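Accompanying notes for the structure given below.
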Amino acid sequence: MSTYRLIVDVDPHGERWAMLLNEDGMPAFYPNLFNTCKLRNRRLSTSTQEQFLTAIKILNETCDAQKINLIDRIKRQRFLTTGEVDAISDACRTKRRGVKKNNILSLKNGYTKPKLKVADSTHYLYLSRIADYIKWLSEKLLDTHGLTLEANNQINSLVKAIRSRAMRSATRNLDDEALKGISNAQEEKLFEVLRPGSPMNPFRDPGIQLRNYLLVKLLRVTGTRRGEVLNLRVSDIDWEKSQISIIRRADTPQDPRSRQPVVKTNQRILPVTQEFLDEIRAYIVQVRKSIPNSHAHPYLLISHKSGPNEGLPLSLSSIQEIFSTLRRAHPELNLTAHDLRHRWNEKYSDAMHAQNKISHIEAEELRNYLEGWSPESQMGKRYNRKWIREKAHEAMIKTQEEKELSLQAIRTINPSPDHG
């Protein structure tokens, strides 16, 4: 089976773009042409480019494994069959990254090691990206001369078939979305573990303990994305006004990271407590300042690990490793960085629910600003599903309890006759 490799390149001006290489290490022509025409020219983020090219990588590797020459098939208008689309869907289900190999073989006859699967949302994303690419590729190869009405209908039918498999994942994912977030007990345990000096802290270096504590606290108290936290510069902190600024800086030459963390939402200014600012200042003065190479860039959170990346801005993969370490040390903390964003939205809803003077419309307008969404955004509903479900359950239990009380009163006034 041929293998493709995804890389991210950075030009001298700071622009980053993803590229798919074939098994010979050469740029894959049509995937990279698609990336240039449809993604880079629209100034879409590097992460979006990576999403598309990862999906196309799965598509190409599956076609190669099944001896499908996708380009030739499209030119001859012999489009993918139902079975071939199912095989691509199955390939999109298989987890590829972060899976450790096990060299121990079972002696049991017929044993097949189970394949780990990606989340429904990831499966949906892959198939949606593949549908977009196949539609573009078919129209590109057939162009205006070969793109007959019949061929166009076949292309649309194929794209619809791929998307239908994606929508099944999207439907299943609605229930999973409602479960995201963390409980009160988990949050208390999380900060108890991460507290600098805690004997339960899996990170031994005091400086790393303080950095990780600040990282998680920033995610929790501001509701920001991990990319927004990693994009934070020391100069973004207004020490007098107790505020931090979330600023968009795509493709800045000052960021040495090839996979640059970016602000995906609107710029905004967020208030923080003086106590939290004091903790951030202690990290800058007592820890960050003494790390080699930290003076070479303006970013707040840095790598402490000795080696070529020491002192450089903390990477997205480092955040994943921090949470992986936490989960290994404390399995009950089965959390991700994004769960803290859900938690912020839950606690925000609690606070607004307690404010009788603020209407629901006003509360959602404020939420959209604080999260960086447009004023008309409905994203709050997505992040609020768990809170809404819990409040709905509380209301239902309350009505049931009230009914039980009324029935008890009736039974007291009119006791049942004794048939004994």
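If amide H atoms are built 1.01 Å from N in the plane of the peptide, which residues on other chains or at least 5 residues away come under 5 Å of the amide H of residue 272?
243, 244
Would you mind checking 217/347; 57/386; 57/217 for any pair whose Cα atoms are more than 26 angstrom apart? Display every interim value, and only then the final one.
On the way: 217/347 14 Å; 57/386 35 Å; 57/217 36 Å.
Distance filter (> 26 Å) returns 57/386; 57/217.
With each pseudo-label sitting 7 Å past Cα toward Cβ, what's the residue 321-residue 241 distance in nm, one decimal?
The two pseudo-label positions are separated by 3.7 nm.
Using only alpha carbon pairs under 8 Å that are at least six residues apart, calculate the relative contact order of region 318-399 and give it in whole percent.
On the way: 33 pairs, mean separation 20.1, N = 82.
Contact order relative to length: 25 percent.
Rounded to the nearest 20 Debye, what is the dipole magnitude of region 281-350 about its Cα centre when Lys and Arg each give +1 and Asp and Glu each give -1 at the C-beta? Walk me through the numbers before you get to the answer.
Values: 9 positive and 6 negative charges, 45 e Å.
With only Lys, Arg, Asp and Glu charged at Cβ, the dipole is about 220 debye.
Expressed in nm to one decimal, what extension gain is obtained for the pair residue 310 and residue 297 from 0.36 nm per residue of sequence separation less their Cα-Cα distance? Could you put the intermediate results ahead of the total?
On the way: separation 13, 0.36 × 13 = 4.68 nm, distance 1.21 nm.
That works out to 3.5 nm of additional length.
Given R₀ = 25 Å, what would the calculated FRET efficiency be for residue 117 paired with residue 388, taking r from the Cβ atoms and rounding to 0.05? Each step should come with its number before you reach the end.
Values: r = 28 Å, r/R0 = 1.13.
Plugging the Cβ-Cβ distance into 1/(1 + (r/R0)^6) gives 0.35.
Starting from 0.36 nm per residue, how many nanometres of slack lie between residue 398 and residue 249 once their C-alpha separation is accounted for? Could the numbers behind the result be given before it?
Details: separation 149, 0.36 × 149 = 53.64 nm, distance 4.89 nm.
Working it through step by step, the gained length comes to 48.7 nm.
Could you pull out the pairs from 75/135; 241/305; 357/403 whose alpha carbons sit more than 24 Å apart here?
On the way: 75/135 13 Å; 241/305 33 Å; 357/403 30 Å.
241/305; 357/403, as the Cα separations exceed 24 Å there.
Using each residue's phi in region 304-321, evaluate 6.51 cos²θ - 1.76 cosθ + 1.60 at θ = phi - 60° and report the 3J(HN,Hα) Karplus result to the nearest Hz, with x for Gly and Pro.
The phi angles translate into 9, 6, 5, x, x, 9, 4, x, 7, x, 5, 9, 4, 5, 5, 5, 4, 5 Hz.
For region 346-355, just list the computed ³J(HN,Hα) in residue order, Karplus coefficients 6.51, -1.76 and 1.60, θ = phi - 60°, integers in Hz, with x standing in for Gly and Pro.
So the J values, rounded to whole Hz, are 4, 5, 4, 4, 4, 5, 5, 5, 7, 8.
What FRET efficiency, computed as 1/(1 + (r/R0)^6) with R0 = 51 Å and r the Cβ-Cβ distance, is obtained for residue 328 and residue 24, rounded to the nearest 0.05? Each step should come with its number before you reach the end.
Working: r = 38 Å, r/R0 = 0.75.
Efficiency, rounded to the nearest 0.05: 0.85.
Which value, in Å² and to the nearest 10, is the accessible area of residue 88 when all protein chains are kept and the probe is 1.4 Å?
10 Å²
Starting from the Cα of residue 78, step 7 Å along the direction of its Cβ; do the same at residue 7; then give the gap between the two resulting points in nm.
3.5 nm
Using a 1.4 angstrom probe and counting only protein chains, how large is the accessible area of residue 258 in Å², to 10?
The accessible area of residue 258 comes to roughly 50 Å².
Pop a pseudo-label 7 angstrom from the Cα along the beta-carbon direction at both residue 374 and residue 36 and give the gap in nm to one decimal.
Spacing of the two 7 Å Cα→Cβ label points: 3.1 nm.
Hey, in the GNM for the chain with a 10 angstrom Cα cutoff, which one of 83, 227, 311 fluctuates hardest?
83
Could you report the accessible area of residue 369 in Å², rounded to 10, computed with a 1.4 Å probe on the protein chains as they sit in the structure?
110 Å²
Cβ under 14 Å from residue 130's Cβ, residue 130 left aside: what net charge do those residues give with Lys, Arg +1 and Asp, Glu -1? List each step's numbers first, then the result.
Details: positive: 38, 57, 93, 129, 135, 160, 163, 165; negative: 61, 84, 86, 90, 132.
Net of charged neighbours comes to +3.
Would you please give the residues with an amide H less than 5 Å from that of residue 314, counting only those at least 5 places away or on a separate chain, with H modeled from the backbone geometry?
Those qualifying (amide H under 5 Å, at least 5 residues apart or on another chain) are 301, 302, 303.
Using the beta-carbon distance between residue 359 and residue 279 and R0 = 45 Å, what value does 1/(1 + (r/R0)^6) give for FRET efficiency, to the nearest 0.05?
0.80
Counting Lys and Arg as +1 and Asp and Glu as -1, what is the net charge of the other residues whose Cβ lies under 9 Å from the Cβ of residue 260? Numbers along the way, then the final one.
Numbers: positive: 16, 249, 257, 259; negative: 251, 255.
That works out to +2.
How charged is the neighbourhood of residue 364? Take every other residue with its Cβ under 14 Å from the Cβ of residue 364, and add Lys/Arg as +1 and Asp/Glu as -1. Working shown, then result.
Values: positive: 367, 381, 382; negative: 362, 365, 371, 376.
Once positives and negatives cancel, what remains is -1.
Cα centroids of region 1-37 and region 321-391: how far apart, whole angstrom?
36 Å
Ordered by residue, what ³J(HN,Hα) values in Hz, to whole numbers, does region 207-224 give under the Karplus form 6.51 cos²θ - 1.76 cosθ + 1.60, where θ = phi - 60° and Gly and Pro are x?
x, 5, 4, 5, 4, 5, 4, 5, 4, 5, 5, 4, 4, 6, 7, 10, x, 7
Show the residues, 5+ positions off or on another chain, whose built amide H is closer than 5 Å to the amide H of residue 249.
263
State in Å² the accessible area per residue of region 174-298; use a 1.4 Å probe, count heavy atoms of protein chains only, and round to the nearest integer.
Working: 6050 Å² over 125 residues.
Value returned for region 174-298: 48 Å² of accessible area per residue.
Using a 1.4 angstrom probe on the protein heavy atoms only, line up 343, 93, 327 by accessible area, largest first. Could you put the intermediate results ahead of the total?
Numbers: 343 10, 93 40, 327 70 Å².
Largest accessible area first, the residues go 327, 93, 343.
In the chain, carbon and sulfur make up what percent of the accessible area (probe 1.4 Å)? Display every interim value, and only then the final one.
Numbers: 12730 of 24070 Å².
Roughly 53 percent of what the probe reaches on the chain is carbon or sulfur.
The values are calculated or read from the model by the stated rules, or taken from the named source; none is laboratory data. Everything numeric here is computed off the predicted structure, so don't read it as measured data. Heads up, the Cβs are rebuilt from the backbone with ideal geometry, glycines too, and the neighbour counts pull from every protein chain shown. These accessible areas exclude ligands, DNA and RNA; they are computed on the full protein's heavy atoms, side chains included. Shrake-Rupley method; radii C 1.70, N 1.55, O 1.52, S 1.80 Å.
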